[in-house]
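Enquirer: The structure that follows is given in the form of structure tokens.
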Amino acid sequence: MSTQSRSEKRTVVTVLTAGGEDLPPGLDPLHEQAEVRQADDRESLEASLPGSQVLVVTDFNTRIVEKAWPKADQLEWVHATSAGVDAILFPDIVDSNVPITNARGIFDRAIGEYVLGMTLAFAKDFPRTLALQRENRWQHRDSERIVGKRMLVVGAGAIGRAIAKLARGAGMKVEGMAKNARDEDPDFDRVYASGDLHTVLAEADYVVIAAPLTKATEHMFDADAFRHMNPSARLINIGRGPIVDTEALIKALNDGAFAGAALDVFEQEPLPGDSPLWDMDNVIISPHMAGDFAGWREALSEQFLDNFQRWRKGEKLFNVVDKGRGYVPPEQ
């Protein structure tokens, strides 16, 4: 569709939300330029997609987009209000000419702060301090310093860089891991190739998973990887749950393969109430909230609206996902 016809023709935007949720706050200006349809299940999505030029996916865990995809007869653009887009990278959309954009840049700093917070929580033994407080017990212990400790960030994209900047600011030595190795990088002391994971794991005091979920990263952290970790190391996962083999993780923690884990994402979400992870003293669990700060929903809407204006004018979209790789390329 030409720029002129986009500006003149009434655009139809379908917003897919989780069941029972309202439209995201901050989207009011969209109603002035488009017909906005809301869907929250397969039936309503299949009814909304015909005639829609834009699809906004806010429920990033949904798999119903693939099931409803045959109804998308005029779709020109799909936007995901999340950094990860693995849930909507099904074969038909990958093979199509429909671009996918994501929310890269919104959550970076907040996730970096979360990782630094979990690092300090382990070093200063905050979970044990809080447990002792609840028991009215005064028990002095020495704590660790993080200055000079080695952090390995698996995934050297925008989120990984935000983590590295904060950790280096706290005095840590931060190394990254990406598809290709490089000795010089503005944010990392060094970047290793993903094929060197097992070798590098043994030297890291903190291992942070910040990679997108792709075929190459699924179960990257399995029993073999855990065997290579430093016994005193801590694992922090803010990437995607399926990057970690949950059964192997539980066994490794029980066997003392490494010292502890802070987990914000899981293979099954919500994490089942009977998961052994809940009761482990050396595990910190948060409900997929590492990047969620006060005002994040409005920030996501503002980002989409900025891109929507570009699309209306026929300008180049930003944050376009490379559907083959599963993420926004660094060159963007």
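Enquirer: Scan the stretch 179-187 and tell me whether some residue there is crowded, with 24+ Cβ neighbours inside 10 Å and touching a residue at least 24 places away in the same chain (Cβ under 8 Å).
Expert: No: the stretch 179-187 contains no residue that is crowded, with 24+ Cβ neighbours inside 10 Å and touching a residue at least 24 places away in the same chain (Cβ under 8 Å).
Enquirer: Right, another one. Residue 270 passes all but one of (1) under 30 Å from residue 180 (Cβ atoms); (2) within 16 Å of the chain's Cα centre (by Cα); which number fails?
Expert: (1)
Enquirer: Additional query: Filtering the stretch 30-63 down to residues that are in contact with a Phe, Trp or Tyr (Cβ under 9 Å, 6 or more places away or on another chain) and not small (Gly, Ala, Ser), which residue is farthest from residue 89 (Cα to Cα)? Show your work before the answer.
Expert: Keep residues of the stretch 30-63 that are in contact with a Phe, Trp or Tyr (Cβ under 9 Å, 6 or more places away or on another chain), which gives 30, 33-34, 49, 53-56, 63.
Keeping just the survivors that are not small (Gly, Ala, Ser) gives 30, 33, 49, 53-56, 63.
Values: 30: 26, 33: 28, 49: 18, 53: 18, 54: 16, 55: 14, 56: 14, 63: 10 Å.
Among those residues, the one meeting the criterion is 33.
Enquirer: Given the criterion within 30 Å of residue 98 (Cβ to Cβ), acidic (Asp, Glu) and modelled with pLDDT under 95, identify the matching residue among 315, 298, 331.
Expert: Within the list 315, 298, 331, the selection yields 331.
Enquirer: Could you check residue 138 against (1) touching a strand residue (DSSP E or B) at 6+ places or on another chain (Cβ under 9 Å); (2) more than 27 Å from residue 226 (Cβ to Cβ) and say which number it fails?
Expert: Result: residue 138 passes all but (1).
Enquirer: Across the stretch 171-185, what is the number of residues that are touching a strand residue (DSSP E or B) at 6+ places or on another chain (Cβ under 9 Å) and in a loop (DSSP other than H, G, I, E, B)? Let's see the steps before the verdict.
Expert: Going residue by residue through the stretch 171-185, those that are touching a strand residue (DSSP E or B) at 6+ places or on another chain (Cβ under 9 Å) are 172-185.
Adding the requirement that they be in a loop (DSSP other than H, G, I, E, B) leaves 172, 179-181, 183-185.
The number of residues fulfilling the criteria is 7.
Enquirer: Check the stretch 132-145 and report whether any residue there is buried (at least 22 other Cβ atoms within 10 Å of the Cβ) and farther than 30 Å from residue 315 by Cα.
Expert: no
Enquirer: So, in the stretch 300-320, how many residues would count as being surrounded by fewer than 17 Cβ atoms within 10 Å (Cβ to Cβ) and closer than 14 Å to residue 107 by Cα?
Expert: Going through the stretch 300-320 one residue at a time, the tally reaches 1.
Enquirer: Right, here's the next one. Take the stretch 217-262 and flag every residue that is over 17 Å from residue 279 (Cα atoms), of a type in the set (A, V, I, L, M) and touching a helix residue (DSSP H, G or I) at 6+ places or on another chain (Cβ under 7 Å).
Expert: Answer for the stretch 217-262, where residues must be over 17 Å from residue 279 (Cα atoms), of a type in the set (A, V, I, L, M) and touching a helix residue (DSSP H, G or I) at 6+ places or on another chain (Cβ under 7 Å): 220, 223, 225, 229, 236, 238, 257.
Enquirer: State which residue is farthest from the chain's Cα centre (by Cα) when the search covers only the stretch 119-144 and only residues that are of a type in the set (D, E, K, R) and part of a loop (DSSP other than H, G, I, E, B).
Expert: 137
Enquirer: If you don't mind, there's one more thing I want to ask. Quick test of your reading of the structure: residue 247 fulfils all but one of (1) surrounded by 14 or more Cβ atoms within 10 Å (Cβ to Cβ); (2) free of Cβ contacts under 8 Å to residues at least 60 places away in the same chain. Name the failing condition by number.
Expert: (1)
The values are calculated or read from the model by the stated rules, or taken from the named source; none is laboratory data. Note that the coordinates shown come from a computational prediction; the quantities given were computed from them, not determined experimentally. Neighbour counts are summed over all protein chains in view; Cβ atoms, including those assigned to glycine, are modelled from backbone coordinates with ideal geometry.
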